[in-house]
Amino acid sequence: MVLGVVQVGVWAHAQHRVQAVASQTLASARALNGSTALAYQRAEQAQEQLGGAMLQRVEVDVTREPEQARVLVRAQAVSVVPGATLPVSMRVSGPIEHLAP
């Protein structure tokens with residue numbers, strides 16, 4: 001029972017970390033001079049800084065179109081309960097920054 005409660009806490013914490021990685025990646029993709037390559041670099045940095053051992057099997061997908069950027073981050077939370085696999089994910093999107101005349 002106690003391990004189950006701890007596992008839920010670990011899952012919630014991992015979900016927050018995935019959200020932070022997604023937000024930072026999106027900010028890089030939306031930037032005026034941003035690109036998908038820069039967004040993927042930022043995603044790697046954010047994973048190292050925020051993910052640590054909490055996130056496993058992290059996958060990041062970045063799409064940047066002329067008006068919109070989208071980021072999907074998928075991972076698995078570390079398992080405290082043997083055999084438990086708990087997926088975490090976050091999908092975020094936002095408009096690309098443009099200079100207004």
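Each of M54, M90 has some number of other Cβ atoms within 10 Å of its Cβ, and from fewest to most they run M54, M90. Normalised by the number of residues in segment 1-76, the mean separation of alpha-carbon contacts (under 8 Å, six or more apart) gives a relative contact order of 31 percent. A cut-off under 12 angstrom between Cβ atoms defines the neighbours of R70, and their net charge, with Lys, Arg +1 and Asp, Glu -1, is 0.
In sequence order, segment 74-91 has phi-based couplings of 10, 7, 10, 6, 4, 9, 9, 8, x, x, 7, 10, 10, x, 10, 7, 8, 10 Hz under the Karplus curve 6.51 cos²θ - 1.76 cosθ + 1.60, θ = phi - 60°, and Gly or Pro positions carry x. In degrees, nearest 10, range 0 to 90: what is the angle between the Cα axis of helix 2-30 and the longest Cα principal axis of the chain? The angle comes out near 10 degrees.
Here r is the Cβ-Cβ distance between T85 and T63 and R0 is 41 Å; the resulting FRET efficiency, rounded to 0.05, is 0.95. At 10 °C and 1.306 mPa s, grab the translational diffusion coefficient of segment 1-50 from Stokes-Einstein with a Kirkwood Rh over Cα pairs, rounded to a whole number in µm² per second. This corresponds to a translational diffusion coefficient of 134 µm²/s. A cut-off of 5 Å between modelled amide H atoms, ignoring neighbours fewer than 5 places along the same chain, links A84 with no other residue.
Give me the Kirkwood hydrodynamic radius of the chain, using the inverse of the mean 1/r over all pairs of distinct Cα atoms, in Å to one decimal.
Working: mean 1/r = 0.0708 Å⁻¹.
Kirkwood radius, the chain: 14.1 Å.
The angle between the Cα long axis of helix 36-46 and the main principal axis of the chain comes to about 30°, on a 0 to 90 degree scale.
Taken together, the values in this text are just the output of simple stated rules run on the coordinates, not laboratory data. In this text the structure is predicted, and so the values were computed from the model without any measurement. Heads up, the Cβs are rebuilt from the backbone with ideal geometry, glycines too, and the neighbour counts pull from every protein chain shown.
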